[in-house]
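The structure appears right after this line, and notes come after that.
The values are calculated or read from the model by the stated rules, or taken from the named source; none is laboratory data. Keep in mind that what you see is a predicted model, and the values were worked out from it rather than measured. Note that each Cβ is placed from the backbone with ideal geometry, even for glycine, and that neighbours are counted across all protein chains shown.
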């Protein structure tokens, strides 16, 4: 050990007396300071402007778009080759390697001593980053120190891995520049190897594991994974061993084929160990973040814990569905599997399968490009364009023998199947996020472990259609497969209900909207029976249907006010009312509290107000109300496009706050009955979800997620909330931020440069 230490000490003396080492330190400090102060200064400015800060620690250090640690990883790629290029090539070039060979120093000691020097140098770089960490600890409220320390560990391991690669490459040549270029080439290969041979099932696991790209990423976000930790250990040991073999070959003049055999054997052993470390059942995790941001929420974990037996998630990719052809193509399977990594963590026996096929789908662009081609000819052309193997894609007849995907329009979809035969769907959604989040995935799993609420849509009296695609219909709200917040995608089942017979026992919630005619006596009796048994209801009125709908509202002690609510607004049509969540709505569902905090609204076009006319024994919660001023019940104007509304108190128009959404609850037997009343049936219609409000943030889908969360007794949608992050403030003003920026970016690098120049001059003077 003493010998290793002496070699390391000698190497460090050489390193720190050279301008390269100090130049790297100075530039590294400047770039780190620039990244840190830019992110930190931006947060200071936002705070000064009155914006609420969230997750300050993560934003400064872990943010992939400008955070300190992600930026540093890019710098190391260039720095380490400069530092390692002379570790062994200098010995070969000067001939000093012969002195080492003639001494009692072993090859292992030489390599470990050289590597130890780089480990210590790496600690210097980490020490520089530690300066900014300490500054953050004193200036950021409730600083998440474990997150940053884990990120520092990841960066340090990356430095060590790069150094091991550079050391081996330096042992291959006597030219330092060549050694640096070889190191850059190898690091480049290790970064891009994960994209190679990904369409070969067994090879893809090996090449993906070999890639060093993103290996420190999970450390940076506060997650320690055994696979990543072992990766760095294996890679470091691998390249150090290769360097030892290289010295052994030079020292003993071993035949090239023997040396090559040793190289191959070591590499194969490393790949084998790496493959084992990447098996889900052998992986361990530790989330250091304060709110366990990298771990499934307790509700999701509970769902997973109930999933006994095997589980297979099969992804079906249609070659003619070009919009999602890259989602899970053969070359991107490993990337796609990462989306389920958190679930595999808690259930390692989850199997992920991929099936490739081609079949008819809605793709106008493809039809225009190949107007006269058969389905197979189109598939072949698409495969040529995207570099896919057309032989891997099943034909329509073949795939239909396995599964009928016509109900999913032959678009990309995943099917979850348990060993007991239970099934559920996971889809791609028509929004910017595209992929299902924890909420949708956990809801799909929850379908398999319990009977989730079933929503019945009453039809037969002119109600809105739950399956129609017109603007006034409810297909988006109910069962639009491409709409993330549709009931079907959030864990509910939907069905049509007629009141000609008693409401089935498996219906937990019924929706009655915009009725044009009243029930028959038999139908009303069936409805009353459902109400009496404690069934939940979601009732949506319309001013034009007041006469009919008030018969229904009266059963709960409410009525719709006369007229249509209006407000003069230069940005919106007069009868488009913004409804604001109340503080009391927080007790209904957390979604409404989130809306209030983010100053969101729902748009309620052509709505009536709701007024209580009798006490029917329900606990009342006013969920949404109109603005405090400027809203009245218009009784005269009917053309809100061309005419101008005018308040006329003489005819009964009253300016006040109106309730637009009301929640009612009462105890019925051993359950709580829950009812939501609205004065508008358009607020959750297909057309309304696409409305853009210039002066407010509309979040109409929250009425679905929040309202049905309450009516389902908090079962679905899955609650995936985490505790609020406490690091939401910085203790620095805007002026102080400028001083800090100049101190870190100018003073600190100059100080380090001065130390380096002093040592260099001192050495020259000896």
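Can you say whether residue 53 is in contact (Cβ under 8 Å) with a residue 24 or more places away in the chain, surrounded by 15 or more Cβ atoms within 10 Å (Cβ to Cβ), touching a strand residue (DSSP E or B) at 6+ places or on another chain (Cβ under 9 Å) and not in a helix (DSSP H, G or I), as far as the supplied structure shows?
Working: in contact (Cβ under 8 Å) with a residue 24 or more places away in the chain: yes; surrounded by 15 or more Cβ atoms within 10 Å (Cβ to Cβ): yes; touching a strand residue (DSSP E or B) at 6+ places or on another chain (Cβ under 9 Å): yes; not in a helix (DSSP H, G or I): yes.
Answer is yes for this residue.
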Can residue 543 be described as in contact with a helix residue (DSSP H, G or I) (Cβ under 8 Å, 6 or more places away or on another chain) and surrounded by 18 or more Cβ atoms within 10 Å (Cβ to Cβ)?
no
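Might you check whether a residue that is touching a helix residue (DSSP H, G or I) at 6+ places or on another chain (Cβ under 9 Å), in contact (Cβ under 8 Å) with a residue 40 or more places away in the chain and either surrounded by fewer than 14 Cβ atoms within 10 Å (Cβ to Cβ) or part of a helix (DSSP H, G or I) (or both) occurs anywhere in the stretch 677-686?
Taking the stretch 677-686 and keeping what is touching a helix residue (DSSP H, G or I) at 6+ places or on another chain (Cβ under 9 Å), we get 677-686.
Retained after the next criterion (residues that are in contact (Cβ under 8 Å) with a residue 40 or more places away in the chain): 677-686.
Retained after the next criterion (residues that are either surrounded by fewer than 14 Cβ atoms within 10 Å (Cβ to Cβ) or part of a helix (DSSP H, G or I) (or both)): none.
Checked the stretch 677-686: no residue is touching a helix residue (DSSP H, G or I) at 6+ places or on another chain (Cβ under 9 Å), in contact (Cβ under 8 Å) with a residue 40 or more places away in the chain and either surrounded by fewer than 14 Cβ atoms within 10 Å (Cβ to Cβ) or part of a helix (DSSP H, G or I) (or both).
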Here are the criteria: (1) assigned to a loop (DSSP other than H, G, I, E, B); (2) in the same structural domain as residue 326 (by TED's automatic domain parsing). Tell me which single one residue 432 does not satisfy.
(2)
Condition first: in contact with a strand residue (DSSP E or B) (Cβ under 7 Å, 6 or more places away or on another chain) and under 20 Å from residue 580 (Cα atoms). Now tell me which residues in the stretch 635-659 satisfy that.
654, 655, 657, 658, 659
Restricting the stretch 40-50 to residues that are more than 16 Å from residue 725 (Cβ to Cβ) and part of a helix (DSSP H, G or I), the residue that is farthest from the chain's Cα centre (by Cα)
48
For residues that are surrounded by fewer than 18 Cβ atoms within 10 Å (Cβ to Cβ) and within 31 Å of the chain's Cα centre (by Cα), scanning just the stretch 724-743, find the one that is modelled with the lowest pLDDT.
724
Which is part of a loop (DSSP other than H, G, I, E, B) and exposed (fewer than 14 other Cβ atoms within 10 Å of the Cβ), of 421, 407?
421
Scanning the stretch 198-218 residue by residue, those touching a helix residue (DSSP H, G or I) at 6+ places or on another chain (Cβ under 6 Å), assigned to a helix (DSSP H, G or I) and farther than 14 Å from residue 337 by Cα turn out to be 206, 207, 210, 218
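Considering each of 613, 641, 657, 651 in turn, give the residue that is surrounded by fewer than 18 Cβ atoms within 10 Å (Cβ to Cβ), touching a helix residue (DSSP H, G or I) at 6+ places or on another chain (Cβ under 9 Å) and either in contact (Cβ under 8 Å) with a residue 12 or more places away in the chain or closer than 24 Å to residue 557 by Cα (or both). Walk me through how you get there before you give the answer.
Working: 641 fails: touching a helix residue (DSSP H, G or I) at 6+ places or on another chain (Cβ under 9 Å); 657 fails: touching a helix residue (DSSP H, G or I) at 6+ places or on another chain (Cβ under 9 Å); 651 fails: touching a helix residue (DSSP H, G or I) at 6+ places or on another chain (Cβ under 9 Å).
On inspection, the qualifying residue turns out to be 613.
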Out of curiosity, is residue 441 buried (at least 20 other Cβ atoms within 10 Å of the Cβ), part of a helix (DSSP H, G or I) and in contact (Cβ under 8 Å) with a residue 12 or more places away in the chain?
yes
So for the stretch 144-167 (the condition being assigned to a loop (DSSP other than H, G, I, E, B) and either in the same structural domain as residue 251 (by TED's automatic domain parsing) or buried (at least 22 other Cβ atoms within 10 Å of the Cβ) (or both)), does at least one residue qualify?
yes
Return only the number of the condition from (1) surrounded by 14 or more Cβ atoms within 10 Å (Cβ to Cβ); (2) within 28 Å of residue 701 (Cβ to Cβ) that residue 629 does not satisfy.
(1)
Give the residues of the stretch 706-723 that are surrounded by fewer than 22 Cβ atoms within 10 Å (Cβ to Cβ) and under 21 Å from the mean Cα position of the chain (by Cα), sorted by residue number.
719, 720, 721, 722, 723
In the stretch 312-331, anything over 17 Å from residue 409 (Cα atoms), surrounded by 20 or more Cβ atoms within 10 Å (Cβ to Cβ) and more than 22 Å from the chain's Cα centre (by Cα) is listed as none
Within the stretch 283-293, does at least one residue satisfy the condition of being part of a helix (DSSP H, G or I) and outside the structural domain of residue 353 (by TED's automatic domain parsing)?
no
Please go through (1) over 25 Å from residue 42 (Cα atoms); (2) in contact with a helix residue (DSSP H, G or I) (Cβ under 8 Å, 6 or more places away or on another chain); (3) surrounded by fewer than 22 Cβ atoms within 10 Å (Cβ to Cβ) for residue 690 and return the number of the only condition it doesn't satisfy.
(2)
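Answer yes if at least one residue in the stretch 660-675 is out of contact with any strand residue (DSSP E or B) (no Cβ under 6 Å at 6 or more places or on another chain) and closer than 18 Å to residue 573 by Cβ, and no otherwise. So that I can check it myself, show each step before the final result.
To start, the set of residues in the stretch 660-675 that are out of contact with any strand residue (DSSP E or B) (no Cβ under 6 Å at 6 or more places or on another chain) comprises 667-671.
If we keep only those that are closer than 18 Å to residue 573 by Cβ too, we end up with none.
No.
Going by what's in this entry, would residue 749 be described as assigned to a loop (DSSP other than H, G, I, E, B) and not assigned by TED's automatic domain parsing to the domain that holds residue 608?
Details: assigned to a loop (DSSP other than H, G, I, E, B): no; not assigned by TED's automatic domain parsing to the domain that holds residue 608: yes.
No: the conditions fail for residue 749.
Right, residue 746: exposed (fewer than 12 other Cβ atoms within 10 Å of the Cβ) and either at positive phi or over 31 Å from the mean Cα position of the chain (by Cα) (or both) or not?
In short, no.
Could you count how many residues in the stretch 363-382 are within 19 Å of residue 328 (Cα to Cα) and touching a residue at least 24 places away in the same chain (Cβ under 8 Å)? Full working, then the answer.
First pass over the stretch 363-382, keeping only residues within 19 Å of residue 328 (Cα to Cα): 363, 379-382.
Checking the rest, the ones that are also touching a residue at least 24 places away in the same chain (Cβ under 8 Å) come to 363, 379, 382.
Number satisfying all stated conditions: 3.
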